[in-house]
Amino acid sequence: MPAFAVMSAPATPSSASEQAAPLRFALVGCGAIAPTQTKALQELPGLASLTHCCDIDAERARAFAAKHGLAVASWPELLANPAIDAITLCTPSGAHGTLAAEALRAGKHVVVEKPMEVTVAACDALLAAQKASGRRLAIISQHRFDPDSQVVRRLLDEQALGRLIAADVRIPWYRTQEYYDSGDWRGTWALDGGGCLMNQGIHTIDLMLWLLGPVKEVYARVATAAHERIEVEDLACATLVFANGALGTLFGSTACYPGFLVRLGLYGTEGSAILEGDELHTLAIKGRDTVQNVGGSAHAHQVATGGTRKAVHHAEAGEADAQRPVWKWGDAHREQFAEFVRAVREDREPLVNGQSGRAAVGLIHAIYESARTGAPVRLS
Ligand SMILES: NC(=O)c1ccc[n+]([C@@H]2O[C@H](COP(=O)([O-])OP(=O)(O)OC[C@H]3O[C@@H](n4cnc5c(N)ncnc54)[C@H](O)[C@@H]3O)[C@@H](O)[C@H]2O)c1
């Protein structure tokens, strides 16, 4: 038994706010991520209900509604419907800002899939719309809700790793050419907003910013190395200087066949924590036992490879791990929606708010600018 417990539990503590009526959601954009969000919302009966869906492709909306027991509505109908409290946007990334602002102006609370938008200016416009509306806005960044991410956040709050001095972030993923060809918007500046960093790497970039704090300077190179007919990068390398003085390296890609687990290493003066494939891979604190769990969740393997390789799960469960529930794809979305509903009820900012969304998009654009100019970029 290790000298300290690494207990991971879903982040769903109950509170007085559980007594209120469920927040009534409509989902917009019935594509790839929509079933995950639907399942997540349908798993929160006391907190949320999903009643309507909408898509510019009317047939897709009809089929989705029939499959999931929802009503179809047009965008104006959703905005005008007083029985809808909140809208969750699963549209292409460059369509997030305008739709979200319209929904906020119509008095709806809004959840936006990552990234918040594709430019910093669009993020700022959405922040301004949210401020004027008095409604709540969250950006999906579900990996903050993975149990082991929460464990690491708590360890940092307890100063268990001492002063953070370095971070090592690797996202060596793979996406096929067919993936990029599967939607007109994929791989475009206008609607995807970037490539392996803006679409895929942003999950880990947000996690990194949440755990280490803001970055103050970047120096980067990017390339389009192994795909055709895309405008954006499939390879990126950056060095980072954090506001707290820590140094970092960031490697992201969708060109590393067949795709490998994401890894986020945090190194402090008193110890190290390494997240790999959504799980705590290593925790080592001076004077205590080292915990190692070589694995990564089956879902993480699937995400890393874009589904091109069968998941191989080598988890060697320790005593603490054996007791924890299996964490499945979609659970983290569910936990983020639960936290969002509580934020609405308690009239507070959700954990991943518009400022967090803007910070991740801002850092990625600083990386793009450094790569374009060949010079370091300072972030304000
Ligand atoms: N959190 C995650 O793990 C995760 C995973 C995948 C995608 N995403 C994000 O979700 C968003 C959607 O990605 P996807 O892969 O599901 O895309 P997709 O292309 O599969 O689906 C997008 C859907 O939006 C519809 N649409 C487009 N414009 C619309 C509009 N103005 N109004 C209504 N519907 C509209 C399209 O017809 C399509 O059905 C992206 O921002 C992406 O980054 C997040």
### Message
Just to be sure I understand the model, the point goes 7 Å from the Cα along the line to the Cβ. What's the resulting ARG154 to GLU43 distance in nm?
### Response
2.0 nm
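How much length would be gained if the chain were fully extended between ARG348 and THR239, taking 0.36 nm per residue of separation minus their Cα-Cα distance, in nm to one decimal?
Details: separation 109, 0.36 × 109 = 39.24 nm, distance 3.45 nm.
Going from the current span to full extension adds 35.8 nm.
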### Query
Can you give the relative contact order of the chain as a percent, counting alpha carbon pairs under 8 Å and 6+ residues apart?
21 percent
### Within straight-line cross-link reach of LYS216, lysines at Cα separation under 30 Å, skipping those fewer than 8 residues along the same chain
LYS114, LYS131, LYS286
### Query
What does the charge add up to near ARG144, with Lys and Arg as +1, Asp and Glu as -1, over the other residues with Cβ less than 12 Å from its Cβ?
-4
### Query
Can you work out D for the stretch 64-159 in µm² s⁻¹ from Stokes-Einstein, where Rh is the Kirkwood radius over C-alpha pairs, the temperature is 25 °C and the viscosity is 0.890 mPa s?
164 µm²/s
### Task
Within the chain, what's the longest run with no trypsin sites (Lys or Arg not before Pro) in a DSSP loop and at most 13 other beta-carbon atoms within 10 Å? Give the range, please.
1-162
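If the only charges are +1 at each Lys and Arg Cβ and -1 at each Asp and Glu Cβ, what is the size of the charge dipole of the chain around the Cα centre, to the nearest 20 debye? Mind showing how you got there, number by number?
Details: 35 positive and 41 negative charges, 72 e Å.
My answer is approximately 340 debye.
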### Query
Where is the GNM fluctuation largest for the chain (alpha-carbon springs, 10 angstrom cutoff): PRO45, PRO147, PRO350?
PRO45
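How many percent of Cα pairs in the stretch 146-200 exceed 17 Å? Don't jump to the answer; show the numbers that get you there.
Working: 878 of 1485 pairs.
That tail contains 59 percent of the Cα-Cα pairs.
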### Message
Given bins 10 angstrom wide, list per bin the percent of all Cα-Cα distances in the stretch 321-380, short to long.
### Response
18, 27, 25, 22, 8, 0
### Task
Please check which bits of the stretch 23-48 a label hung off ASP184 would reach, taking the label as a point 7 Å along Cα-to-C-beta and the cut-off as backbone N under 18 Å.
29-32
## Note on the structure
Counting as exposed only GluC sites (Glu not before Pro) in DSSP loop states with no more than 11 other Cβ atoms inside 10 Å, the longest exposed-site-free span of the chain is 1-157
### Message
Along the charge dipole of the chain, pointing to its positive end and built from +1/-1 on Cβ of Lys, Arg, Asp and Glu, which listed residue (GLY213, ILE202, PRO35) has its Cα farthest out?
### Response
GLY213
### Per residue, the convex hull volume that the Cα atoms of the chain enclose (Å³)
134 Å³
### Summary
The answer for GLU270, listing residues at least 5 apart or on another chain whose modeled amide H is closer than 5 Å to its amide H, is GLY162, ARG163
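Once the Cβ-Cβ distance between LYS328 and LYS286 is put in as r, and R0 is 45 Å, what FRET efficiency do you end up with, to the nearest 0.05? Walk me through the numbers on the way to the answer.
Values: r = 35 Å, r/R0 = 0.77.
Computed FRET efficiency for LYS328 and LYS286: 0.85.
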## Note on the structure
Of the convex hull drawn through the C-alpha atoms of the stretch 156-274, the volume per residue in Å³ is 96 Å³
## Note on the structure
A chain fully extended from ALA225 to GLN177 at 0.36 nm per residue, minus the present Cα-Cα distance, gains in nm 16.1 nm
### Query
So between LYS131 and THR249, what do we pick up on full extension, going 0.36 nm a residue minus the alpha carbon distance?
39.0 nm
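Using the number of other C-beta atoms within 10 angstrom as an exposure proxy, rank SER93, SER370, SER182 with the fewest first.
Working: SER93 27, SER370 21, SER182 13.
Arranged by neighbour count, lowest to highest, SER93, SER370, SER182 become SER182, SER370, SER93.
Values in this text are rule-based calculations from the coordinates and carry no lab data. These numbers were taken from a predicted model, which means no experiment stands behind them. Please note: Cβ atoms are built from the backbone with ideal geometry, for glycine as well, and neighbour counts cover all protein chains shown.
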